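Read the structure below first, then the notes.
The values are calculated or read from the model by the stated rules, or taken from the named source; none is laboratory data. Everything quoted here is computed from the prediction, not taken from an experiment. As a convention, Cβ positions derive from the backbone with ideal geometry for all residues, glycine included, and neighbour counts pool all protein chains shown. Note: accessible area is taken over every heavy atom of the protein model, side chains too, but ligands, DNA and RNA are not part of it. Shrake-Rupley method; radii C 1.70, N 1.55, O 1.52, S 1.80 Å.
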Amino acid sequence: MDLMDIQAPPQGAYAEADGVKYHYIELGEGSPTIFLHGGGPGCTGWSDFGQVAPLFAEDRSCFLVDILQYGKSAKPVIEGPMWDYHAAKTVALMDELGIDRADFVCNSWGGTIALNLAAKYPERVRSLVITGSMPVFHGPLAPLPEGGRRGRNARDRYYGGDGPSWEKMRDLMARLEWYDPDAIPDGTVTLRYEQSLDAEETALAGASDNPRGDWQDLSAELGRIQAPTLFFWAMYDAFLTPDYPLMLARMVPQGNLHVMSRASHHPQEERPYDYYSAVSGFLNQHHG
């Protein structure tokens, strides 16, 4: 199986959870594992994890969820603290799917949701794997110079000017998400580009951050997380260098850090076999 060529997404399903509709793709059987994707234009559960999910699905029940406001899930306007909203709705989705407790494997935005969920609903989380997320606004040495703006600037740039294009999507991925631009599969670019044209997604982008809820700093929450947590980072993450997740790993009582070479913001896509090997080894350590 060549994981570097993403396959067409399989038939997904929908679930109504506390008044909003979620879209998800379920693969495999075994211990329930929820995959939450990042917040880039056109991201979905499948675009971010479709390459590596077949490996996890060999012995796990994998739920590749489209986060609210992305993919085929509902795109409500969020009011109030954004990570609290997403965490509560994700728990409602777990209730609807009959999942009492799950492992979470997450990228970027999805990881911040999962960290907040683990702090506020500890009984629902078995363990966490977090890549490229920014749950706190300060760095280990000083306030972050980005202030979380790089992702928003990238979204504005992508949707601005002449509007979205396949070429602009590939450029965004090459600059911010992949270490080796030549390795980006055309199929992944196409999936992301086509999803980014969704009318509701385009409207959200045009409204800047207002419909996404109020940004939250989770510094106080991280110390409350009981679940074993692996911060799985790429050496060349374009948003946050590895000193940042080392700080996070010290803030979480059972925090661990793995740094992968030759990868950027989406290591699960760039090096799927190596990502699976390290992540599954961590997940399989914790059976409590």
Do you know which residues across segment 18-64 are among the basic types (Lys, Arg) and crowded, with 19+ Cβ neighbours inside 10 Å? Arg60
Return a yes/no flag: does segment 226-248 have any residue that is in contact with a helix residue (DSSP H, G or I) (Cβ under 9 Å, 6 or more places away or on another chain), surrounded by fewer than 17 Cβ atoms within 10 Å (Cβ to Cβ), in contact (Cβ under 8 Å) with a residue 12 or more places away in the chain and under 25 Å from Ala119 (Cβ atoms). yes
Log entry, pairs with first residue in segment 203-214 being open to solvent by 40 Å² or more (accessible area, probe 1.4 Å), second being of a type outside the set (Phe, Trp, Tyr) and modelled with pLDDT of 75 or more, beta carbons closer than 7 Å, six or more apart or on different chains, reads Asp214/Gly80; Asp214/Pro81; Asp214/Met82
Regarding segment 14-22, can at least one residue be identified that is of a type in the set (Lys, Arg) and over 16 Å from the mean Cα position of the chain (by Cα)? yes
Checking Asn153 against (1) under 22 Å from Ala234 (Cβ atoms); (2) touching a residue at least 60 places away in the same chain (Cβ under 8 Å); (3) in a helix (DSSP H, G or I), which single condition isn't satisfied? (2)
Please verify whether segment 179-193 includes one or more residues that are more than 24 Å from Gly45 (Cβ to Cβ) and not in a helix (DSSP H, G or I). no
Which number in (1) out of contact with any Leu (no Cβ under 8 Å at 6 or more places or on another chain); (2) modelled with pLDDT under 95; (3) crowded, with 17+ Cβ neighbours inside 10 Å marks the one condition that Met82 misses? (2)
